[in-house]
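To start, the structure under review is shown below, and the notes come after it.
Nothing in this text is a laboratory measurement; each read-out follows from the coordinates by a stated rule. Model, not experiment: these values are computed from the prediction. Using ideal geometry, Cβ is built from the backbone for each residue, glycine included, and neighbour counts are taken over all protein chains shown.
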Amino acid sequence: EAQVTQNPRYLITVTGKKLTVTCSQNMNHEYMSWYRQDPGLGLRQIYYSMNVEVTDKGDVPEGYKVSRKEKRNFPLILESPSPNQTSLYFCASSPTPRNSGNTIYFGEGSWLTVV
Amino acid sequence: AQSVTQLDSHVSVSEGTPVLLRCNYSSSYSPSLFWYVQHPNKGLQLLLKYTSAATLVKGINGFEAEFKKSETSFHLTKPSAHMSDAAEYFCVVSETGRRALTFGSGTRLQVQP
């Protein structure tokens, strides 16, 4: 089954404690990205990756890092989380962004609370 | 630059009555447009997409949307609402080669019995 898998789904952490949210897709997609969802703001892109070893900032990258060492994995790293990073996070993938009609596949989301 | 405006943050309908969720977009190029649905504590599921073929697009669960270039609109409709349609709906625009999708702020659909 085609899917995007995120872990953990729910996490409460403390300010400053490094954490990683993993994302894996089994569709051999080139393009992967991370979004955060906040009330009234829809989804905003944090980082994206066009392919292995190619990553770039989205609209709200501050406080986040990513890596793309393998095609299937795209972890999101919060080096020093702060309360304003409390949010619902989605990982997404698609075959390529060169065709705007490609369907984007989303993971089920990761609820992160930073206290 | 591309942008999306969902005109209603909340819509409430009675079961069995029509649904209309409104979306206007702005795009410098010929865009692709999507509607995604998010049920509580779930990820986003694609309802339908427009990619410059037929302007009336049919999706899953009886939903459809019409692309109107002159009005820059892509409204989502369903003839008869079901309780299971209660969810949040996002209108999304994408341009070829652009790095990101642009999401609307979402419309929460309530379905009353």
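Checking each residue in the range A:19-39 for being at the interface with chain B (Cβ under 10 Å from one of its Cβ atoms) and crowded, with 18+ Cβ neighbours inside 10 Å picks out A:Y31, A:S33, A:Y35, A:Q37. When B:T17 is tested against (1) under 18 Å from B:T51 (Cα atoms); (2) of a type in the set (S, T, N, Q); (3) assigned to a loop (DSSP other than H, G, I, E, B), only condition (1) is not met.
When we screen B:N24, B:N61, B:N41 for residues that are surrounded by fewer than 20 Cβ atoms within 10 Å (Cβ to Cβ) and within 20 Å of A:D38 (Cβ to Cβ), the only hit is B:N41.
So, in the range B:79-88, of the ones that are of a type outside the set (D, E) and either crowded, with 17+ Cβ neighbours inside 10 Å or without any contact (Cβ under 8 Å) to a residue 60 or more places away in the chain (or both), which residue ends up farthest from A:T103 (Cα to Cα)? Among them, the one singled out is B:A81. Scanning the range B:89-96 turns up no residue that is charged (D, E, K, R) and free of Cβ contacts under 8 Å to residues at least 40 places away in the same chain. Condition (residue is polar (S, T, N, Q) and loosely packed, with under 14 Cβ neighbours inside 10 Å) applied to the range A:59-73: is it met by at least one residue? No: the range A:59-73 contains no residue that is polar (S, T, N, Q) and loosely packed, with under 14 Cβ neighbours inside 10 Å. When the residues of the range A:40-72 are filtered to those that are touching a residue at least 12 places away in the same chain (Cβ under 8 Å), over 26 Å from B:P40 (Cα atoms) and in a strand (DSSP E or B), the one that is farthest from the other protein chains (Cβ to nearest Cβ) is A:K65. Screening A:L112 with (1) assigned to a loop (DSSP other than H, G, I, E, B); (2) of a type outside the set (D, E, K, R); (3) more than 10 Å from chain B (Cβ to nearest Cβ); (4) surrounded by 15 or more Cβ atoms within 10 Å (Cβ to Cβ) gives one miss only, at (1).
In the range B:36-44 there is at least one residue matching the filter, namely being in contact with a strand residue (DSSP E or B) (Cβ under 6 Å, 6 or more places away or on another chain) and among the hydroxyl-bearing types (S, T, Y). Exactly one residue out of B:L76, B:L47 is of a type in the set (A, V, I, L, M, F, W, C), in contact with a helix residue (DSSP H, G or I) (Cβ under 7 Å, 6 or more places away or on another chain), surrounded by 19 or more Cβ atoms within 10 Å (Cβ to Cβ) and closer than 21 Å to A:G101 by Cβ, and it is B:L47.
The single residue among A:Y10, A:Y105, A:Y48, A:Y31 that is among the hydroxyl-bearing types (S, T, Y) and under 10 Å from the mean Cα position of the chain (by Cα) turns out to be A:Y48. When B:Y50, B:Y29, B:Y36 are checked against the criterion of being under 30 Å from A:R9 (Cα atoms) and within 12 Å of chain A (Cβ to nearest Cβ), a single residue qualifies: B:Y36.
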